[in-house]
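Heads up, the thing below is written out as structure tokens.
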Amino acid sequence: MRRQAAATVFGCASVLLSYPDEHVTSDLAAVDDALGRLPDGPARAGLHTTAEWLARMSPLEAATTYVDTFDLRRGVCLYLTYYRHGDTRERGMALTALVDAFHGAGFGVVPGELPDYLPALLELAAAHPTGGSVLAEHRMALDALHLALVKADSPFAGVVAAVRDALPGPTRKDRQALRRYRAEGPPSEKVGLEPFAPPEALGQGVTIRATRR
């Protein structure tokens, strides 16, 4: 997929996978407008279906559905490093690397979220090629998330599918990692040090809306 079309997919997906706040109606209108610039195909169809589904809900219904899907359902996680590293010390290093990626692309890290939060990474990918590269590095996590959403019969699966389709196909290493994750789940660290890098190393997390430095 060409860079401009991929950026549109990433931007729309960022909105659709973000918590639906009081601006959800205007956000969905912006998604609908952006989708008009995409060529016909599975990505556009998947994003459009999810946007229409959300638009039929009241803001309260949309928020409740979001929480039920992403906060209360086992195996459905929007924090991508969790799939590969679980709550281990390695995840802390992965989060620090993501902070560096945001800074390297000219974006500031501000309080609110960890830097592996998918909507934040999608927003970065919509604005800068670095974000697309980061998403491709976490292809296994996206594949695992998509499978979990399909299993839950969630329309959000179409959004993640559109993101996957905008990236290079999975490598052999990605497929092996996905098989391992499906068989064993994320790794865990029963004893030892704190699982994450200190807050100052992570810049206190990032918000959904990344900001230019």
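The values are calculated or read from the model by the stated rules, or taken from the named source; none is laboratory data. Quick caveat: nothing in here was measured; it's all calculated off a predicted structure. Cβ placement follows ideal geometry from the backbone for every residue including glycine, while neighbour counts extend to all protein chains displayed.
Among the residues of segment 165-186, those that are surrounded by 16 or more Cβ atoms within 10 Å (Cβ to Cβ) and either assigned to a loop (DSSP other than H, G, I, E, B) or among the hydroxyl-bearing types (Ser, Thr, Tyr) (or both) comprise Ala166, Leu167, Pro170, Tyr181, Pro186.
Take the conditions (1) closer than 16 Å to Val24 by Cβ; (2) surrounded by 15 or more Cβ atoms within 10 Å (Cβ to Cβ); (3) more than 18 Å from the chain's Cα centre (by Cα); (4) not hydrophobic (A, V, I, L, M, F, W, C); Thr65 misses just one of them, which is (3). No other residue among Leu72, Leu98, Leu114 is under 30 Å from Gly185 (Cβ atoms) and in contact (Cβ under 8 Å) with a residue 60 or more places away in the chain apart from Leu114. Against the test of being exposed (fewer than 15 other Cβ atoms within 10 Å of the Cβ), among the hydrophobic types (A, V, I, L, M, F, W, C) and closer than 20 Å to Asp153 by Cα, the options Ala51, Ala29, Ala45, Ala55 yield a single qualifying residue, Ala55. I want to confirm something. Restricting to segment 16-38 and keeping residues that are in contact (Cβ under 8 Å) with a residue 24 or more places away in the chain and β-branched (Val, Ile, Thr), which single residue is nearest to Tyr117 (Cα to Cα)? Here the answer is Val24.
Within segment 68-84, the residues that satisfy the criterion of being surrounded by 15 or more Cβ atoms within 10 Å (Cβ to Cβ) and either at positive phi or at pLDDT below 90 (or both) are Arg73, Gly75.
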